[in-house]
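Working notes for the structure below.
The values are calculated or read from the model by the stated rules, or taken from the named source; none is laboratory data. Quantities reported herein were computed from a predicted structural model and do not represent experimental measurements. Note that we place each Cβ from the backbone using ideal geometry, even for glycine, and neighbour counts take in every protein chain shown. When the accessible area is computed, the model is the full protein with side chains, heavy atoms only, and any ligands, DNA or RNA have been set aside. Shrake-Rupley method; radii C 1.70, N 1.55, O 1.52, S 1.80 Å.
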Amino acid sequence: MNHARVEDHTDSFQELFTTYYPFVVRQIMRIVKDQQTAEDIAQDVFLSFYHTDRTVIEHIPAWLSKSALYAAYNFLRSEKRRYARQERSASEQEHVSPSSEEMWLAKESQSIVRDVLEELDERERTLLVMKYSGFPYAELAKATGTQISSVGTLLARAKSKFRTIYGRMRGEEE
């Protein structure tokens with residue numbers, strides 16, 4: 001007996017779907033102006049209708065019309081929010097992404113830094129690279145075979161020499 005009731009429920013739903021689907025799509029089309037989108041939204045409306053107890057619905061066409069309008073407006077609101085998110089993301093990308101000129105200048109600067117490092121002796125190069133990679137003085141002393149108390153002085157000299165060579169190279173480039 002319960003199985004027959006489910007079939008009746010499904011059969012009546014199919015009849016209601018066939019009868020009211022074009023009406024629901026037209027209701028939605030007035031708002032979203034796109035046939036495919038209207039049909040997708042209409043399917044969502046009918047899915048909600050299928051899961052609703054139809055015995056509590058007084059007037060099915062009115063319920064479908066109201067649900068269709070709510071679903072269409074919800075779609076428009078969500079599209080508006082999605083569009084706003086995309087715009088924010090695009091504007092953030094513009095601010096985050098360097099221009100080709102900035103990228104070229106960065107590469108040129110990196111090239112000069114590499115050339116300067118090549119001119120330094122091995123210990124000076126090691127000290128600078130390790131220091132700016134975040135290593136503590138103890139690690140720098142160990143890597144260069146010097147006393148930890150000497151690292152600060154050696155590092156200051158290496159920085160000074162680096163600045164001098166870097167300035168000279170930048171002057172030659174300009």
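Out of A106, A90, A158, report the one residue that is open to solvent by less than 60 Å² (accessible area, probe 1.4 Å) and touching a residue at least 24 places away in the same chain (Cβ under 8 Å). Before you say what the answer is, go through the steps one by one.
Details: A106 fails: touching a residue at least 24 places away in the same chain (Cβ under 8 Å); A90 fails: touching a residue at least 24 places away in the same chain (Cβ under 8 Å).
Result of the check over A106, A90, A158: A158.
Results for (1) outside any helix (DSSP H, G or I); (2) assigned by the TED database to the domain that holds I148, shown as yes or no for each residue.
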site	(1), (2)
L64	no, no
S67	no, no
F75	no, no
S78	no, no
Y83	no, no
V113	no, yes
T126	no, yes
G134	yes, yes
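Before we move on, is R81 farther than 30 Å from I165 by Cα and either open to solvent by less than 50 Å² (accessible area, probe 1.4 Å) or at pLDDT 90 or above (or both)?
Values: farther than 30 Å from I165 by Cα: yes; either open to solvent by less than 50 Å² (accessible area, probe 1.4 Å) or at pLDDT 90 or above (or both): yes.
Taking the combined requirement at face value, the residue satisfies it.
Being open to solvent by 70 Å² or more (accessible area, probe 1.4 Å) and over 31 Å from the mean Cα position of the chain (by Cα), is that true of even one residue in the stretch 39-47? Among the residues of the stretch 39-47, at least one is open to solvent by 70 Å² or more (accessible area, probe 1.4 Å) and over 31 Å from the mean Cα position of the chain (by Cα), which makes the answer yes.
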